[in-house]
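Notes follow once the structure below has been shown.
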Amino acid sequence: MRTDWNPILKNESKKDYWKELQRFVDEERSTNHVYPPHQQVFNAFHLTPYANLKVLILGQDPYHGQGQANGLCFSVETGIAIPPSLRNIFKELEADLGISPPKDGDLTPWAKEGVLLLNATLTVRQNEAGSHQGKGWEIFTDQVIRDVNMKPERVIFILWGASARRKKELIDLQRHVIIESVHPSPLSAHRGFLGSRPFSRTNKALSEVGIEPISWNL
């Protein structure tokens, strides 16, 4: 599937790191279970065209359990149990906007609203969190963040957790807005994620410059 990201990111596929990365992922797939499935690795780009992008939420790693990851950060396939971090995201969504927690953890509707749900690393080996970190994906996704930063319209960057917050240096705060907190995982959510109201703050920041706010209903 072609998207308007293709001309923006086409030079990455010509670089040595990209060729090494694809060789690594192909080798991993030949010997291990790797998530998400090959056809869903770039789901975020297919569902959120560059032209429509208003918000970027940055995750770290795809879920590493069977059948969970679907190429969108924090999202799981329909019918899969909602993971703890996503449960906390839904809890905050209800506290912030009064939206009842959905029974389903598929965040595709957000992606179609213009929310790029980007993981810093786009693949992972089954049951081994972080197993594909440091192999080249971060070079690619840092470039994605730089390309989003180049948009002349305001973009809201939602950075949850220490690894996401380290990307602040890639973002121009003269044009864009960062909304940040600790990670929504059960280990940290009570230290500043719950009560941070990221959804209403995002919509306020969009409305301030005449951009249609996000419908956060799922």
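The values are calculated or read from the model by the stated rules, or taken from the named source; none is laboratory data. Quantities reported herein were computed from a predicted structural model and do not represent experimental measurements. All Cβ positions, glycine included, derive from the backbone under ideal geometry; neighbour counts span all protein chains shown. Surface accessibility is based on the protein's heavy atoms, side chains included, excluding ligands, DNA and RNA. Shrake-Rupley method; radii C 1.70, N 1.55, O 1.52, S 1.80 Å.
Observations on the model:
- Across the chain, Cα pairs under 8 Å and at least six residues apart give a relative contact order of 23 percent.
- Computed from the alpha carbon atoms alone, the convex hull of the range 144-208 holds 82 Å³ per residue.
- Our note on the geometry: Cα centres of the range 54-89 and the range 156-217, 17 Å apart.
- The range 1-114: C-alpha pair distances exceeding 25 Å, %: 30
- Solvent accessible area, Å² - residue 78, 1.4 Å probe, full protein context: 90
- Exposure rank, largest accessible area first [16, 26, 96; 1.4 Å]: 16, 26, 96
- Dividing the summed helix terms, -39500 (n - 2.57) for each DSSP H run of n ≥ 4, by the number of residues in the chain produces a 222 nm estimate of -9500 deg cm²/dmol to the nearest 500.
- Couplings for the range 152-169, taken from phi via the Karplus curve 6.51 cos²θ - 1.76 cosθ + 1.60 with θ = phi - 60°, read x, 7, 4, 10, 9, 9, 9, 10, 10, x, 4, 5, 5, 5, 5, 7, 4, 5 Hz in order; Gly and Pro are left as x.
- The heavy atoms of residue 153 offer some 90 square angstrom of accessible surface to a 1.4 angstrom probe.
- Across 170, 21, the residue with the most accessible area heads the list, and the full order at a 1.4 Å probe is 170, 21.
- Taking amide H as placed 1.01 Å from N in the peptide plane, the amide H of residue 158 sits under 5 Å from that of 56, 57, 58, 179, each at least 5 places away or on another chain.
- The mean sequence separation of alpha-carbon pairs under 8 Å and at least six residues apart, normalised by the residue count of the range 113-192, gives a relative contact order of 23 percent.
- FRET E, pair residue 170, residue 103, Förster distance 41 Å, beta-carbon r, rounded to 0.05: 0.70
- Loop trypsin sites (Lys or Arg not before Pro), the range 145-218 (other Cβ atoms within 10 Å of the site Cβ: 14 or fewer; DSSP): 175
- Charged-residue dipole, Cβ positions (Lys, Arg, Asp, Glu), the chain about Cα centre, Debye nearest 20: 300
- Largest-first ordering by accessible area, 1.4 Å probe, given options 190, 46: 190, 46
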